[in-house]
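In what follows, a single structure is set out as structure tokens and then discussed.
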Amino acid sequence: MDHSVVFAGFGGQGLLFTGQVLARAAIKDGLEVFWIPSYGPEMRGGTASCTVILGDTPIGSPVVDRFDAAVTMNLPSLRRFAPRVAPAGLLLMNSSLLGDEETGRSDIEEMHLRCTELAALGGDDTLVSVAALGALVARTGWVTPESVRAALREMVGKKRPEVVDTDLGVFEAGLQAGAA
Amino acid sequence: MTLHTPEPGDAARPAAAARLVYAKPDVLRDRSTHYCPGCGHGVVHRLLAEVLTELDLPSHTIAVAPVGCAVFAYDYLEVDFVEAPHGRAPAVATGIRRVRPEAFVLTYQGDGDLAAIGTAEIVHAAARGERITAIFVNNGIYGMTGGQMAPTTLLGQRTTSSPNGRDAALMGYPIRITEMLAQLPGVTYAARGTIADVASIGKLKAMIKRACQVQIEGGGFALVEALSNCPVGWGMTPQQSIEHLKGPVVEAYPLGVIVDRGATVAPTLDLGCPAPAHPEA
Amino acid sequence: MTSRGRPEVTPAPTTAEADAARRARVLMKGNEAIAEAAIHAGCDAYFGYPITPQAELLEWMARRMPELGRVFIQAESELAAINMALGAAATGARVMVSSSSPGISLMAEAMSYMAGSGTPMVLVNIMRAGPGLGGIGPSQSDYFQATKGHGHGDYRVPVLAPASIGEAMELMADAFELAERYRTPVMLVADGILGQAMEPVELRFRTPERHTFDWALTGASGRPARIIKSIDLDPEVLERRNLDLQHKYREITRREVRWESWQLEDADYAIVAYGTAARVARSAITAARERGIKVGLFRPITLWPFPERELARLSRHLDGILTVELSSGQMVEDVRLAVEGRCPVAFHGRMGGLVPTPDEVVGALKALKGKVDRARPPEHRDHTPPVTHWRESEDRAEAEPWAHERARRGGRR
């Protein structure tokens, strides 16, 4: 069974990176995965986004109509992707920027997450997407937290080993918030 | 160039018969060319053949033939040749240069090929300082296709596509492309000669030789423009065309060495950046 | 002549080993994976020019090629890039260029010269939507250009179309091999999605065997001078040159056709699609089968030579074919030529950078089925299952999930 998630927000919020962390974690869990950045006609309306599709069989269509989960980090991306969450899907909203924004949808699970504060708790308030990833992983269980930690160590460790612990800390904060 | 043949009984030069004053370089194939009577391409081919031979280059030369009258250059010069699409010879030569650092890389282009359709390629090969030797034969006309106006056609000159003469208001001005290219720091050597008379031919040969030596010595881009004639395209007898060449053509395109930055001399232009690195220098 | 270069057959891994290998796969972006595969295939020189959505390929080469002491040039234009490739290839070097649709149009001229003069080269087109400057979205609207168009003159080039990043990596080695075996440019086409996306790939590479070419320009030392050219003003001579080319193309058509089939064993319908469209088709097929429509996938991997014999044979046993493309319908013309009216051929496509969704494809399939059923009720149809003896599984397909039913027409027929 395939799962799809879109990470959307402002450029610079680390969304493409976070999508790649999830994709790498999926590989470590032995899954198939497909990562595609906002690209071409998707790239408009003030959002930068990437889609990650996970599954245990080869990924078919790389284009997703309805997402099983959407991580929305700003208002344009909420407006754009809230209607495209599949029924019974998960909408994760960064309430640090979105406040109490309503979607009007009653058929999905909405999760308000103060990403900036959570990231600050972990040691760096700019790592908002990593905090959101923690919550997503806790809530969906699509990949194991251990694989995400390993992926973070690899990806962050390669370029900025001094901040690996901070990223891991922010991820833990998100994980706990998601499990709560 | 006249050839003195000793005659029997010429007591003044009994030993002169043994002195060889003219021979066909081996690299020049033994066949007559397709060029029109009086055309200057043959002279440039021969100079090139002499220089290649004198510098011992034929066995490792890879040459690029243009589209235009000289498209069949490979029929006359016994060296490895690749035919380039129209105007692309400098790009083709760049590819050869980079994968064959040991080769002597030569391009041969006319004015339509180099100064019109291939302007971007020649400018950027020069800008990169590609270690290639470019021979540019400028006769101010598209000869192969029947004498149409070229970028180098003189103002007022009648061609089949400027039947009333080249009008600057409608057709723009002739391009002195060698002077343009000489501005680029990647150009080690740029010179203009002509085949108009014996003395000039000697100077042109010296320029071609220098342009080849630049490459051997690890310099950058080297270009020799050879002002030539096209009696058929110009609608003149060969003799008239030579007179025209010596007159208005040379007046429009002054002869001489335009730049010689030495084999490895840094650029003279201050561009606020380091000298171009020649990959094989 | 070169060897067929079949992949070595390794003993089947144990479940634990396979699982470990699976988890050790690397996440790579399509453009970068293609570049790295080319490097491992022995690419000596790369020439390019920036254009979206293939810029990462150029950037990867800009970093890696000099590291390895190989040649990288960012040219002043696509025209110059491919002519640099022409020059380098003329000396026997293994060369590659890449671009996206508008840049390929500029490269068309030299493609013709290279085909005419028998100069090997690999050209990658990460296709975007046209015509003109169009957009940067994914597209397959260069099918005509790749298989029938680009430059002038009577020539063809083999065109490979991967449907996954892993397959693109494999096909890069094949592309160099084909180019050198047949002395021809070879194209690999993928839409922008495959260039931009990331997928897990195994870092398994193949380097085609190196050959000394008796045509390469190396300097006429101790041998007569060699000439690489396409011009022949004598019509008799030029016709002979053309006949030689056509002979070569027949040989390529006989030996190098590749395709994949999936779930066709019991199928009443087939979707014919390549590249990303084939992935959408796979999802649609899964959904359609859940709704009781017996449908499978026929995926051309070589767009030229097109697997027409295989499709023709298959069409005798089908009630209908749906062709899906990211275009207005280009490959569908070849599908119809192959099928020759043996069954209805419908088309569904999106343009401008849009990708059909699996739902759309299922809808198109249902519409086709509806038409077929109205014209000829199912009980009046002969339900012979498609013959399967023509499918030949590739050994290497085992490790590559996308290719597990892939086949290639070899010299074994």
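Values in this text are rule-based calculations from the coordinates and carry no lab data. Keep in mind that this is a model prediction, so the values were computed, not measured. With ideal geometry, Cβ positions are generated from the backbone for all residues, glycine too; neighbour counts draw on all protein chains shown.
What list do you get for B:T237, A:T103 if you sort them by fewest beta carbons within 10 Å? Display every interim value, and only then the final one.
Numbers: B:T237 12, A:T103 16.
Fewest-to-most ranking of B:T237, A:T103: B:T237, A:T103.
Could you tell me how many degrees, from 0 to 90 and to the nearest 10, lie between the Cα long axis of helix C:78-90 and the main elongation axis, the longest principal axis, of the Cα atoms of chain C?
With both axes taken from Cα atoms, the answer is about 70 degrees.
Please compute the length gained on full extension between C:R223 and C:S328, using 0.36 nm multiplied by the number of residues separating them and subtracting their Cα-Cα distance.
Values: separation 105, 0.36 × 105 = 37.80 nm, distance 5.30 nm.
Gain on extension, C:R223 to C:S328, equals 32.5 nm.
What whole number of Å gives the distance from the Cα centroid of region A:127-180 to the Cα centroid of region B:197-213?
Comparing the Cα centres of region B:197-213 and region A:127-180, I get a distance of 72 Å.
Using per-residue counts of other Cβ atoms within 10 Å, averaged over each peptide, order C:186-194, C:316-324, B:27-35 from highest down.
Top of the packing list down: C:186-194, C:316-324, B:27-35.
Just checking the output field for C:223-236: average partner chain Cβ neighbours within 10 Å of each residue's Cβ?
On the way: counts 2, 2, 13, 6, 9, 8, 8, 2, 6, 0, 3, 0, 0, 0.
That works out to 4 on average.
Going Cα to Cα from C:K366, which lysines come in below 27 Å? Please leave out same-chain ones fewer than 8 positions away.
Excluding near neighbours in sequence, the set is C:K294.
Please work out the FRET efficiency for the pair C:E236 and C:A367, using the Cβ-Cβ distance as r and a Förster radius of 56 Å; give the result to the nearest 0.05.
On the way: r = 54 Å, r/R0 = 0.97.
Approximately 0.55, to the nearest 0.05.
By Kyte-Doolittle mean hydropathy of at least -1.0 and Cα axial length of at least 18 Å, which whole DSSP H helices of chain B are selected? Walk me through the intermediate numbers first.
Details: long enough: B:41-54 (20 Å, 0.49); B:198-216 (27 Å, 0.58).
TM-like helix candidates: B:41-54, B:198-216.
Give me the angle, in degrees from 0 to 90, between the Cα long axis of helix C:101-117 and the longest principal axis of the Cα atoms of chain C, rounded to the nearest 10.
Between the helix axis and the principal axis of chain C, the angle is about 60 degrees.
Rank-order A:156-162, C:264-270, B:125-131 by packing density, defined as the average count of other C-beta atoms within 10 Å over each peptide's residues, highest first.
B:125-131, C:264-270, A:156-162
With +1 on each Lys and Arg Cβ and -1 on each Asp and Glu Cβ, how big is the dipole of the protein assembly as shown about its Cα centre, in debye rounded to the nearest 20?
Values: 90 positive and 102 negative charges, 282 e Å.
Dipole of the protein assembly as shown, to the nearest 20 debye: 1360 debye.
Which FRET efficiency value, to the nearest 0.05, is calculated for C:Q74 and B:V257 with the Förster distance at 41 angstrom and r the Cβ-Cβ distance?
Numbers: r = 32 Å, r/R0 = 0.77.
So, using R0 = 41 Å, E works out to roughly 0.80.
Once both labels are modelled 7 Å past Cα along the beta-carbon direction, what's the B:E102-A:R66 spacing in nm?
A separation of 6.7 nm, rounded to one decimal place.
Label points 7 Å out from Cα along the Cβ direction at B:Q213 and C:L133: separation in nm?
Calculated label separation equals 5.0 nm.
For C:H152 and C:T15, FRET efficiency with R0 = 51 Å and r from the beta-carbon atoms, rounded to 0.05?
Working: r = 55 Å, r/R0 = 1.08.
Between C:T15 and C:H152 the formula returns 0.40.
Using only Cα atoms and rounding to the nearest 10 degrees, what angle (0 to 90) does helix C:358-375 make with the longest principal axis of chain C?
Taking the Cα atoms of chain C, the angle to C:358-375 is about 60 degrees.
Relative to the present Cα-Cα distance, how much length would full extension add between B:M171 and B:K24 at 0.36 nm per residue of separation? Numbers along the way, then the final one.
Details: separation 147, 0.36 × 147 = 52.92 nm, distance 4.24 nm.
Stretched fully, the B:M171-B:K24 segment lengthens by 48.7 nm.
Can you compute the helix-only [θ] at 222 nm over chain B? Use -39500 (n - 2.57) per DSSP H run of at least 4 residues, normalise by all residues, nearest 500 deg cm²/dmol.
Dividing the helical sum by the residues of chain B leaves -7500 deg cm²/dmol.
Go through region C:279-293 residue by residue and turn each phi into a ³J(HN,Hα) via Karplus (6.51, -1.76, 1.60, θ = phi - 60°); whole Hz please, and just put x for glycine and proline.
Along region C:279-293, the couplings run 5, 4, 4, 4, 4, 5, 5, 4, 5, 5, 5, 4, 9, x, 8 Hz.
A:E110's amide H: which non-local residues (gap 5+, or another chain) put their own amide H closer than 5 Å, with H modeled 1.01 Å from N in plane and none for Pro or chain starts?
For A:E110, whose amide H was placed from the backbone, the distant partners under 5 Å are A:L91.
In sequence order, what are the phi-derived ³J(HN,Hα) couplings for region B:103-112 according to the Karplus relation 6.51 cos²θ - 1.76 cosθ + 1.60 with θ = phi - 60°, rounded to whole Hz, with x for glycine and proline?
7, 8, 10, 10, 10, 9, 9, x, 6, x
Amide H of B:Q148 versus every other amide H placed in the peptide plane: which residues, excluding those fewer than 5 positions away on the same chain, fall under 5 Å?
B:Y142, B:T160
Within a 10 angstrom radius of the beta carbon, how do C:R128, C:R64, C:R289 rank from fewest other beta carbons to most?
Working: C:R128 27, C:R64 18, C:R289 15.
Ordered by Cβ neighbours within 10 Å, fewest first: C:R289, C:R64, C:R128.
Near B:K205, which lysines are there with a Cα under 19 Å away, not counting those fewer than 8 places off in the same chain?
B:K24, B:K246
What residues qualify as long-range amide H neighbours of C:L322, i.e. H under 5 Å apart, gap of 5 or more or another chain, H built at 1.01 Å from N?
Counting only residues 5 or more places away or on other chains, the set is C:A270, C:I271, C:V272, C:A346.
With a 10 Å radius around each residue's Cβ, average the other Cβ atoms per peptide and rank C:53-59, B:165-171, B:246-252, highest first.
Numbers: C:53-59: 22.6, B:165-171: 12.1, B:246-252: 15.4.
Per-residue mean Cβ counts within 10 Å order the peptides as C:53-59, B:246-252, B:165-171.
Enumerate the calculated ³J(HN,Hα) couplings along region C:13-20 in order (Karplus 6.51 cos²θ - 1.76 cosθ + 1.60, θ = phi - 60°), each rounded to whole Hz, writing x wherever the residue is Gly or Pro.
x, 6, 4, 5, 5, 4, 5, 5
Given the rule -39500 (n - 2.57) for each run of at least 4 DSSP H residues, summed and divided by the residues of chain C, what is its mean residue ellipticity at 222 nm, to the nearest 500 deg cm²/dmol?
On the way: 13 runs with 163 residues, N = 413.
Only helices count here, giving -12500 deg cm²/dmol.
Other chains near C:70-80: what is the mean number of their Cβ atoms within 10 Å of each residue's Cβ?
The shielding value for this peptide is 5.
Using 7 Å Cα-to-Cβ label points, what is the A:K159/B:T53 separation (nm, one decimal)?
Roughly 6.2 nm, to one decimal.
Roughly how far apart, in whole Å, are the Cα centres of region B:63-123 and region C:238-256?
Between the Cα centre of region B:63-123 and that of region C:238-256, the gap is 28 Å.
Label chain A by shape, choosing from rounded, prolate and oblate, from the square roots a ≥ b ≥ c of the eigenvalues of the Cα gyration tensor; if a/c is under 1.5 it is rounded, and otherwise prolate applies when a/b is larger than b/c, oblate when it is not. Display every interim value, and only then the final one.
Working: a/c = 1.44, a/b = 1.12, b/c = 1.29.
Judged from the Cα gyration tensor, chain A comes out rounded (a/c under 1.5).
In which sequence would C:E290, C:E202, C:E109, B:E83 go, from the one with the fewest C-beta neighbours within 10 Å to the one with the most?
Working: C:E290 9, C:E202 15, C:E109 20, B:E83 24.
Ordered from fewest to most neighbouring Cβ atoms within 10 Å, C:E290, C:E202, C:E109, B:E83 come out as C:E290, C:E202, C:E109, B:E83.
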